[in-house]
Protein chains: 2
Amino acid sequence: MTTPAAARRARQLKERRSQIVGAARTLAETEGWDAVTIRRLADAIEYSQPVLYGHFPQGRTEIVTAVALEGFEELATALAPSADVPVASDAERVRALVTAYLGFAERHPATYDAMFLLPVLVPFASDETPAIVRAGFEAIEGALHSLDDPPADLPTTAEVLWGAVHGIVALRRAGRFPAAHQEERVETLVRLVVR
Amino acid sequence: MTTPAAARRARQLKERRSQIVGAARTLAETEGWDAVTIRRLADAIEYSQPVLYGHFPQGRTEIVTAVALEGFEELATALAPSADVPVASDAERVRALVTAYLGFAERHPATYDAMFLLPVLVPFASDETPAIVRAGFEAIEGALHSLDDPPADLPTTAEVLWGAVHGIVALRRAGRFPAAHQEERVETLVRLVVR
DNA sequence: GCGATTGTCTAGCAGTGCTAGAGTTTGGGC
DNA sequence: GCCCAAACTCTAGCACTGCTAGACAATCGC
């Protein structure tokens, strides 16, 4: 039997939890992950530090994980359309996919880091990998599958394409790439995958 | 006029500097960069913390930079041979390049992170980029250039190839990729670059 | 041997993630 | 309406981080 009071409290807890995740994400996107400290998050939600550990017993890493999971959800919906662009050539389909991916990474750099760079409490490449995390990769596979001339080893090609796009994002974000010529890179990559 | 004593001191300073860099690199490779703290490095060279700041006024980041520069030197020599493999097909040349790159990243993961992931005091993609840092990228360009059938936009193709290999390394190291199938990825990537 | 330069150390600041234990608010049974 | 236990939240503190000011000691050129 759940009393009304308990229901209200559960609702408030949920609300506060998402406040924490939201504050972490906003802070990370505006000032970088280094600025996301437990103390600053506590200030943001106007509670003391230990309250955060009530919501995230695994500590800071678990908060980063929560942001990453939000990101995976958004990435999946960002990539979904490119699976079936009607009346489009193979090159256009791949270009749409790559552009959508790069666009997401550019709009949410810190979230992207949480998803693909930072240590996180999600089992990747395992049976327990959450469906939503898998969804992004499956969107890439789906886009390749919908090509008129799909590649031979589809899963591996999807991995390599993913790696290539991620590499471009990572080197660009770490300042190892010049900022310009991004369109040329996209075009070159597209031409490598669909010839 | 440099006195013998001053010369000896200069030698000792240089020696100690390379002790610090060596300790940092070893510690990073064995326990990860998080374990590389000024205090632990000070212990390793048996001096107090402020001594390290005498050698590296910019602090920890400058030490990471020194390790990265060592890495760039080694990467350049690791990639050099693949530029001109005699009596080899285009596919073999690209495969040699990719394999050499992946091998370096696998042998020195922490050094690789210093080079391509961590914040570092080297101006990349700029006029002041050290020659040794450029050398790695030029090795990739050189390998592509030596192909019987070189790609059209060579510099951009080199960037994309670099990005692809880096992406594979990064996703693999961050646990986002399954460990297996690495050879298939290499083969697929090679086949994308040389038709 | 003396004096100034160089080198090195101790001690400390402000910050981090995280937690034990004290104190307060809350809610349900009477 | 009251009381007591359960749930909650806070203060204070630990051990660590990068980094630095200022006291002290060794060294070297004269």
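The values are calculated or read from the model by the stated rules, or taken from the named source; none is laboratory data. What you see is a predicted model, and the numbers here were worked out from it, not measured in a lab. No Cβ is skipped: glycine too gets one built from the backbone with ideal geometry, and neighbour counts run over all protein chains shown. SASA here: full protein model, heavy atoms, side chains in, ligands and nucleic acids out. Shrake-Rupley method; radii C 1.70, N 1.55, O 1.52, S 1.80 Å.
Things worth noting here:
- Residues being among the β-branched types (Val, Ile, Thr) and either open to solvent by 60 Å² or more (accessible area, probe 1.4 Å) or closer than 26 Å to residue A:119 by Cα (or both) - total across the stretch B:18-53: 6
- Evaluation of residue B:84 against (1) exposed (fewer than 13 other Cβ atoms within 10 Å of the Cβ); (2) free of Cβ contacts under 8 Å to residues at least 24 places away in the same chain (one fails), failing number: (2)
- Of all residues in the stretch B:137-195, those satisfying the criterion of being within 20 Å of residue B:108 (Cβ to Cβ) and touching a residue at least 60 places away in the same chain (Cβ under 8 Å) are B:139, B:140, B:165, B:168, B:169, B:173, B:182, B:186.
- For residue A:91: the one exception among (1) in a helix (DSSP H, G or I); (2) buried (at least 16 other Cβ atoms within 10 Å of the Cβ); (3) among the aliphatic types (A, V, I, L, M): (2)
- Restricting attention to the stretch B:153-195, the residues that are among the small types (Gly, Ala, Ser), under 19 Å from residue B:135 (Cβ atoms) and either more than 20 Å from the chain's Cα centre (by Cα) or more than 7 Å from every other protein chain (Cβ to nearest Cβ) (or both) total 1.
- In the set (1) more than 28 Å from residue A:181 (Cβ to Cβ); (2) within 16 Å of the chain's Cα centre (by Cα); (3) not assigned by TED's automatic domain parsing to the domain that holds residue A:174, residue A:77 fails one condition alone, (3).
- Between A:32, A:71, the distinction of being within 14 Å of another protein chain (Cβ to nearest Cβ) and within 16 Å of DNA strand D (Cβ to nearest atom) belongs to A:32 only.
- Qualifying residue in the stretch A:42-57 (condition: away from DNA strand D (no atom under 12 Å from the Cβ), out of contact with any Asp or Glu (no Cβ under 7 Å at 6 or more places or on another chain) and of a type in the set (A, V, I, L, M)): yes
- Any hit, the stretch B:126-145, residues being open to solvent by 10 Å² or more (accessible area, probe 1.4 Å), more than 24 Å from residue A:161 (Cβ to Cβ), among the small types (Gly, Ala, Ser) and within 11 Å of another protein chain (Cβ to nearest Cβ): yes
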